[in-house]
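In what follows, a structure is listed as structure tokens, so that the remarks can point back to it.
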Amino acid sequence: MAGLMSLGLFLAAGLSLLAGFPVAFTLAGIALIFALIGVSTGMFDAAFLSAFPSRIFGIMSNETLIAVPVFVFMGVMLEKSKLADQLLQALAQMMRRIPGGLGIAVMLVGALMAASTGIVGATVVTMGLLSLPTMLRNNYDPSIATGSICAAGTLGQIIPPSIVLILLADVLSNAYQQAQLSMGIFSPETISVGELFAGALLPGLALVGCYMLYLVAVAFFKPSAMPPAEKDIDGNVSILTLLGLLAGPLLLIVAVLGSILMGLATPTEAAAVGATGAMLLALKQKQLSLETLRSVVYQSTKVSAMVFMILIGASLFSLVFRGYGGDEYVQSLLTNLPGGEVGALLVVMLVLFLLGFILDFIEITYVVIPIVGPILLAMGINPIWLGVMIAINLQTSFLTPPFGFSLFYLRGVTPPEVGTTAIYKGVVPFIAIQVLMLGMLWFWPDLATWLPGVVYSGP
């Protein structure tokens, strides 16, 4: 009966979220209702709820999570600096006579902004507003134009510094320790944000390269879909001007990532460097004002508050789920699947992919991963490799029609003449590339584990 209650808990939360109720309060509210039902029927021990205050304190005192609002501030400030607008204009001017040049410029700027901001929605909307009208005026195929923008935006999920990877590293570290304790290892190792950043770097760059190769192939074999850009793009840009525009964000990324990977700074300290650098870039672009700062602080606070409220709601949800023995039920289910480790991993990845249609990465990270993570890691799966696989899997989910989040972000800023079908058609090749990347990681795990092994002495 308790197993059915844990299943009912998940179904009730899912249906409530589909109905449009706020995520954080839905998770907490449904959990409390099921806890009350369980206490009144004798199926739930109320002592589990006594651990809730300590979990809230754990979230408040988690130094890793301090990096989240600072990285959000950095991303929003870079968005307000209008650097993407100037970069896109400069690259478009340099490559306007080349078939597919504008599309490649959009992919480069999108990848750079995704790496700088780490916020998928902001990148997709910004690139949609900046580049889509120009691409359409230059007779680009609407499917190619919208697909490349969506794909470039989702790179913020996998290219460090990514908020997804920060939250995922925190959850996987706890799951890894639980797995080791269950195996009788009483001095458990942990994984750091830097290790996951290092693990995601090569697959993320490989994805950018594959996306650009696809655009080059389309421009070569079907030049009518990506003709040279001649409308609204005039003038010449020198290499020095372009390098001057690129220098700022590239130095910022190198400073943030380099300090983390080299062990010179914690993620929180590196985030502070990034936030300061973003303000300096905005000042250089003459976009830093008291009003801009007020707007950035407000948006950063709003996003951060949402993130931490979801963490608190998810924490209560997982407590009640464990109180009903749901973790034992899931463990029994996964360990008894045919195929052992491979079968369990395939089922988990499929479930995460489907959940990515209805839940944001924060809910998935803090609701689902703590349940399945310790089970998978206890089977001997490398935590860094698992983290990168999950991140790319969710990235793929966010691109996949008809429910992908990136599609909704772009649909909101797309002109009426571009149909939803065109957007769906445009993302299909990029989904195929991401599935290919998942396959490459499956057969060559070193893509994710080699660099952390060189930089760190981690697992």
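Look at where the Cα atoms of region 286-348 and of region 55-90 average out, and the two centres are 18 Å apart. Our analysis of region 296-382 gives Rg over Rh at 1.06, with the two radii drawn from alpha carbon positions and Rh computed by the Kirkwood formula. Phi angles across region 290-303 convert, under the Karplus curve 6.51 cos²θ - 1.76 cosθ + 1.60 with θ = phi - 60°, into 3J(HN,Hα) values of 4, 5, 4, 4, 4, 5, 5, 4, 4, 5, 5, 5, 4, 5 Hz, Gly and Pro given as x. Place a point 7 Å from the Cα of I185 along the Cα-to-Cβ direction; which residues of region 327-344 have their backbone N under 18 Å from it? Under 18 Å, as judged by backbone N against the label point of I185, lie 341 of region 327-344. Reducing region 137-186 and region 390-459 to their Cα centroids gives an inter-centroid distance of 9 Å. Across the chain, the mean sequence separation of Cα contacts (distance under 8 Å, 6 or more residues apart), normalised by length, yields a relative contact order of 28 percent. At most 13 other C-beta atoms within 10 Å and a DSSP loop state: those are the exposed chymotrypsin sites (Phe, Trp or Tyr not before Pro) I care about. Give me the longest piece of the chain that has none. Between exposed loop sites, the widest span is 187-402. Phi-derived couplings, Karplus 6.51 cos²θ - 1.76 cosθ + 1.60 at θ = phi - 60°, listed residue by residue for region 396-401: 5, 4, 5, 9, 7, x Hz, with x used for Gly and Pro. For the chain, the mean residue ellipticity at 222 nm estimated from helices alone is -24500 deg cm²/dmol, where every DSSP H run of n ≥ 4 contributes -39500 (n - 2.57) and the total is divided by all residues, rounded to the nearest 500.
Each label point was placed 7 Å from the Cα along the Cα-to-Cβ direction; for F25 and V347 their separation is 3.6 nm.
Backbone N atoms of region 33-53 closer than 13 Å to the 7 Å Cα→Cβ label point of E328 belong to residues 44-45.
Which residues in region 376-399 have a backbone N closer than 17 Å to a point placed 7 Å from the Cα of D446 along the Cα-to-Cβ line? Residues passing the 17 Å test: 382, 385. Given their separation in residues at 0.36 nm each and the Cα-Cα distance between them, L36 and V413 gain 131.3 nm when the chain is fully extended.
With R₀ set to 41 Å, the beta-carbon distance separating A305 from S224 gives a calculated FRET efficiency near 0.30. The length gained by stretching the chain between R55 and L243 to full extension, at 0.36 nm per residue less their Cα-Cα distance, is 62.9 nm. Under the criterion of Cα pairs below 8 Å and six or more residues apart, the relative contact order for region 157-221 equals 37 percent.
Since every read-out is calculated from the coordinates, none of them should be taken as a lab result. All figures in this text were calculated on a predicted structure; none of them were measured in a lab. Here Cβ is always computed from backbone atoms with ideal geometry, including for glycine, and neighbour counts include all displayed protein chains.
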